[in-house]
Amino acid sequence: MPDDTLYCATCKKERTRSELASTLLVCPDCGHHFRMEPYERIATVADPGSFVEFDHDAPLKDPIGMVGYRERLAEAVKSTGLPEAVITGSCAIEGNPAIVAAMSFSFIGGSMGSVAGQKITRAMLEGVERRVPVIAFAASGGVRMQEGIHSLMQMVKTSSAAWRLDREGIPLFIVLCDPSSGGVIASFAMLGDVIIAEPGAFVGFAGPRVIEKTINRGMPEGLQRAERQLDRGFVDIIAPRGEHRELLARLMRTHPVRSIRPTREKRRGEKR
Amino acid sequence: MTPDRTIEECLNELSNIAGADGINLSSEISALRRKFSETIDEEKAWSLVRRARASGRPRASAVIADAFEDFIEMHGDRTYADDGAIIGGVGLLGGKPVTVIASQKGSNLRDTVSRNGGMASPEGYRKALRLAQQAEKFGRPVITLVDTQGAFPGLGPEERGIGQAIAMNLREFSHLRTPIVCVVLGEGGSGGALGLSVCDRLLMLENSYFSVITPEAFASLVLRDPSKKKKAAAMMKVMPEALVKSGFCDGIIPESSYGEDLSTEEIIRGIRESLLKEIAALSRRDIDELLERRDARYFSF
């Protein structure tokens, strides 16, 4: 990642990425959380050296043969240095094994296409397989429009995987980062047992521009911010970035995974 | 003679004339040919979108009235409100009870306003889930009828968790222990339509479409030119035939016969027959096998 300039809109000050490294890209004056890339993100919570990536080389896909999409993907890979909009893998957090997924808003708006959806799903199912908690950091504008129906299906797939975690008694911890919206908020990102949000993160389904167009007036300030979503009951905890590691470790201690599947028949009718 | 044939003939003629004069126009002609075929694709896709949105389309209320017997409408999500954009209830299909959940755009101006043009709020999705879980309890198949531009992008729905409501439906419908058949009547718009579309079998009317986002929004967001909505419709492959090919759609219910449009009554009869056939086939299957297949259907994407 180049040492680019980050502009803090609240403080009206320019910062450099390296200057903010020690504060985890949080403005030391006002606490504004700048967007963070997946590998840096995982490093903020994982024990050093514990992260083992999954599916790094999953081939990119163009399922409906969309004109210009392959070029767009190649450009995103080049500019971000990432293989796709999500990085997944296993790690340990204060010694507790976990599966982790982190999205990148820089990669085509963090959009979830078939590869990103597959990686998230596979990560969740790996949690079932290993019987360890799954942690997902959402940062996305929604599903990848260039993959048409295949992108929408990722919403069903990831939600269906969340159902399996429910059935198997595997915790799903979601961390909503800026922005968490569209098809991601209408699927796995709202299905966590615990939903954490970063301060000030945009959390909502429809983007402000779409809403403005529909209601013909501006959005009231802060309506789709994490703090408001806490008030409305859609978020459990707002936690600054610096506290994520400790918080996730505490959640893992308080949500120990039972070694076998829960025997209690679920209300939703598991018969076996 | 179809218009594209005429163009084809013109191009051949042009090629012959040029050839006779010793001029090579082959690259220009193939560029023209490509342009014409693109234009035809765009016009086809866009005219489909327009037909799917037309006010005279068979509405869910008409399908419910004519395809089912003894329908009783149920109201409300038991939490906050009743959302008129989604109709739900119980009726008989060929003498057997089924739960019907449908997006309803409205049959006249007043009705359209009260139903928010079929754009559902969280309460609509929560009502749908409540009724679907009841269907599971009573062992009734679920039939969903989809016709919406998308979920309602407004302040209230955002404050009451439209994303969460759709997410819950995706999670729960994906493992609901009863057969689910979905029929797309007109518009299948984005996540809002998806919230009623998780099923074992998905059928589409001939003049319906299903799209990740409206062609208008795709044009302005991806193509960066709002006037390119026709191109957007073609690029996103929203037509039933393309969706059959991708494995999303399992069958197309005809709206025409030998080039003639069928009447609304005839179309609804076709929907009813398809539903009877699908429900009968699904009901014969063991429920665990059905769920495995449903899982496989979505995990294949």
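Inspect the range A:142-154 for any residue being at pLDDT 95 or above, touching a strand residue (DSSP E or B) at 6+ places or on another chain (Cβ under 8 Å), part of a helix (DSSP H, G or I) and under 24 Å from A:Arg250 (Cβ atoms) and give the result as yes or no. Looking through the range A:142-154, none of the residues is at pLDDT 95 or above, touching a strand residue (DSSP E or B) at 6+ places or on another chain (Cβ under 8 Å), part of a helix (DSSP H, G or I) and under 24 Å from A:Arg250 (Cβ atoms). When every residue of the range A:144-165 is checked against the conditions, none turns out to be farther than 22 Å from B:Phe218 by Cβ, touching a residue at least 60 places away in the same chain (Cβ under 8 Å) and not hydrophobic (A, V, I, L, M, F, W, C).
Taking the range A:221-236 only, how many residues are more than 7 Å from chain B (Cβ to nearest Cβ) and either basic (Lys, Arg) or part of a loop (DSSP other than H, G, I, E, B) (or both)?
Step one: of the range A:221-236, the residues more than 7 Å from chain B (Cβ to nearest Cβ) are A:221-222, A:225-231, A:233, A:235-236.
From what's left, either basic (Lys, Arg) or part of a loop (DSSP other than H, G, I, E, B) (or both): A:221-222, A:225, A:228, A:233, A:235-236.
Matching residues across the range A:221-236 total 7.
Restricting to the range B:266-295, what's the tally of residues that are farther than 17 Å from B:Leu185 by Cβ, surrounded by fewer than 17 Cβ atoms within 10 Å (Cβ to Cβ) and among the acidic types (Asp, Glu)? The total comes to 4.
Does the range B:149-158 contain any residue that is more than 22 Å from B:Tyr80 (Cβ to Cβ) and either hydrophobic (A, V, I, L, M, F, W, C) or more than 22 Å from the chain's Cα centre (by Cα) (or both)?
The first filter runs over the range B:149-158 and keeps only residues more than 22 Å from B:Tyr80 (Cβ to Cβ), leaving B:149.
From the residues that got through so far, the ones that are either hydrophobic (A, V, I, L, M, F, W, C) or more than 22 Å from the chain's Cα centre (by Cα) (or both) too are none.
Looking for residues that are more than 22 Å from B:Tyr80 (Cβ to Cβ) and either hydrophobic (A, V, I, L, M, F, W, C) or more than 22 Å from the chain's Cα centre (by Cα) (or both), one finds none in the range B:149-158, hence no.
Considering (1) buried (at least 19 other Cβ atoms within 10 Å of the Cβ); (2) in a helix (DSSP H, G or I), the lone condition that B:Phe248 does not fulfil carries the number (2). Inside the range B:37-72, can you point out the residues that are assigned to a helix (DSSP H, G or I), touching a helix residue (DSSP H, G or I) at 6+ places or on another chain (Cβ under 9 Å) and of a type outside the set (Gly, Ala, Ser)? Of everything in the range B:37-72, those that are assigned to a helix (DSSP H, G or I), touching a helix residue (DSSP H, G or I) at 6+ places or on another chain (Cβ under 9 Å) and of a type outside the set (Gly, Ala, Ser) turn out to be B:Glu38, B:Thr39, B:Ile40, B:Asp41, B:Glu42, B:Glu43, B:Lys44, B:Trp46, B:Leu48, B:Val49, B:Val63, B:Asp66.
Is it the case that A:Val175 is crowded, with 22+ Cβ neighbours inside 10 Å, away from every other protein chain (no Cβ under 13 Å), part of a strand (DSSP E or B) and not acidic (Asp, Glu)? Against the criterion (crowded, with 22+ Cβ neighbours inside 10 Å, away from every other protein chain (no Cβ under 13 Å), part of a strand (DSSP E or B) and not acidic (Asp, Glu)), A:Val175 qualifies. With respect to B:Phe210, determine if the residue is buried (at least 24 other Cβ atoms within 10 Å of the Cβ), among the aromatic types (Phe, Trp, Tyr), under 25 Å from A:Gly192 (Cβ atoms) and within 12 Å of another protein chain (Cβ to nearest Cβ). Considered against the rule, which asks whether it is buried (at least 24 other Cβ atoms within 10 Å of the Cβ), among the aromatic types (Phe, Trp, Tyr), under 25 Å from A:Gly192 (Cβ atoms) and within 12 Å of another protein chain (Cβ to nearest Cβ), B:Phe210 comes out as no. For the range B:166-187, a residue qualifies if it is small (Gly, Ala, Ser) and at the interface with chain A (Cβ under 8 Å from one of its Cβ atoms), and the qualifying residues are B:Ala167, B:Ser174. B:Tyr125 fulfils the conditions (1) within 30 Å of B:Lys237 (Cβ to Cβ); (2) touching a Pro at 6+ places or on another chain (Cβ under 8 Å) except for a single criterion, (2).
What residue, among those in the range A:182-207 that are part of a loop (DSSP other than H, G, I, E, B) and at the interface with chain B (Cβ under 7 Å from one of its Cβ atoms), is nearest to A:Gln229 (Cα to Cα)? Steps first, please.
Residues of the range A:182-207 that are part of a loop (DSSP other than H, G, I, E, B), as a first pass: A:186-187, A:191-193, A:198-201, A:205-207.
Cutting the leftovers down to at the interface with chain B (Cβ under 7 Å from one of its Cβ atoms) gives us A:186-187, A:191, A:205-206.
Details: A:Ala186: 14, A:Ser187: 16, A:Leu191: 15, A:Phe205: 12, A:Ala206: 14 Å.
So the residue we want is A:Phe205.
Residue check: B:Asn116 meets all listed conditions (1) surrounded by 24 or more Cβ atoms within 10 Å (Cβ to Cβ); (2) within 16 Å of B:Ala81 (Cα to Cα); (3) polar (S, T, N, Q) but one, namely (1). Annotation: of all residues in the range A:36-84 being assigned to a loop (DSSP other than H, G, I, E, B) and touching a strand residue (DSSP E or B) at 6+ places or on another chain (Cβ under 6 Å), the one that is farthest from A:Thr16 (Cα to Cα) is A:Ser50.
Confirm whether A:Val100 is crowded, with 24+ Cβ neighbours inside 10 Å, modelled with pLDDT of 95 or more and within 20 Å of B:Pro215 (Cα to Cα). Outline the logic, then answer.
Numbers: crowded, with 24+ Cβ neighbours inside 10 Å: yes; modelled with pLDDT of 95 or more: yes; within 20 Å of B:Pro215 (Cα to Cα): no.
For A:Val100, the condition - crowded, with 24+ Cβ neighbours inside 10 Å, modelled with pLDDT of 95 or more and within 20 Å of B:Pro215 (Cα to Cα) - is not met.
Within the range A:115-140, track down each residue that is touching a Pro at 6+ places or on another chain (Cβ under 8 Å) and surrounded by fewer than 24 Cβ atoms within 10 Å (Cβ to Cβ). Those that are touching a Pro at 6+ places or on another chain (Cβ under 8 Å) and surrounded by fewer than 24 Cβ atoms within 10 Å (Cβ to Cβ): A:Val115, A:Arg130, A:Val132.
Suppose the filter is assigned to a helix (DSSP H, G or I) and within 30 Å of B:Val212 (Cβ to Cβ); does B:Arg34 pass it? Yes.
Pairs meeting the criteria (first residue in the range B:61-75 and modelled with pLDDT of 95 or more and surrounded by 16 or more Cβ atoms within 10 Å (Cβ to Cβ), second residue aromatic (Phe, Trp, Tyr) and not in a strand (DSSP E or B), beta carbons under 7 Å, at least 6 apart or on different chains) are lacking.
When B:Gly124, B:Gly156, B:Gly192 are screened for being of a type in the set (Gly, Ala, Ser), modelled with pLDDT under 95, within 30 Å of A:Gly141 (Cβ to Cβ) and in a helix (DSSP H, G or I), only B:Gly156 passes.
Cβ separations smaller than 9 Å between residues 6+ apart or across chains give the following pairs from the range A:104-131 residues that are within 13 Å of chain B (Cβ to nearest Cβ) to residues that are among the aromatic types (Phe, Trp, Tyr) and not in a helix (DSSP H, G or I): A:Ser114/B:Phe301; A:Ala116/A:Phe107; A:Gly117/B:Phe301; A:Gln118/B:Phe301; A:Arg122/A:Phe54. Looking only at the range A:85-94, residues that are in a loop (DSSP other than H, G, I, E, B) and surrounded by 23 or more Cβ atoms within 10 Å (Cβ to Cβ) come to 1 in all. Considering the range A:209-252, the residues that are touching a helix residue (DSSP H, G or I) at 6+ places or on another chain (Cβ under 6 Å) and of a type in the set (Lys, Arg) include one that is farthest from A:Glu94 (Cα to Cα), namely A:Arg232. Just so you know, in the range B:217-236 the residues that are within 10 Å of another protein chain (Cβ to nearest Cβ) and outside any helix (DSSP H, G or I) include one that is surrounded by the most Cβ atoms within 10 Å (Cβ to Cβ), and it is B:Met236.
Yes or no, residue by residue, for (1) facing chain A (nearest Cβ under 10 Å); (2) farther than 25 Å from B:Gly56 by Cα:
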site	(1), (2)
B:Pro215	no, no
B:Val238	yes, no
B:Tyr258	no, no
B:Ile271	no, no
B:Leu275	no, no
B:Asp286	no, yes
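The values are calculated or read from the model by the stated rules, or taken from the named source; none is laboratory data. In this text, all values refer to a predicted model and were calculated from it rather than measured experimentally. Positions of Cβ are generated from backbone atoms using ideal geometry, with glycine treated the same way; all protein chains shown enter the neighbour counts.
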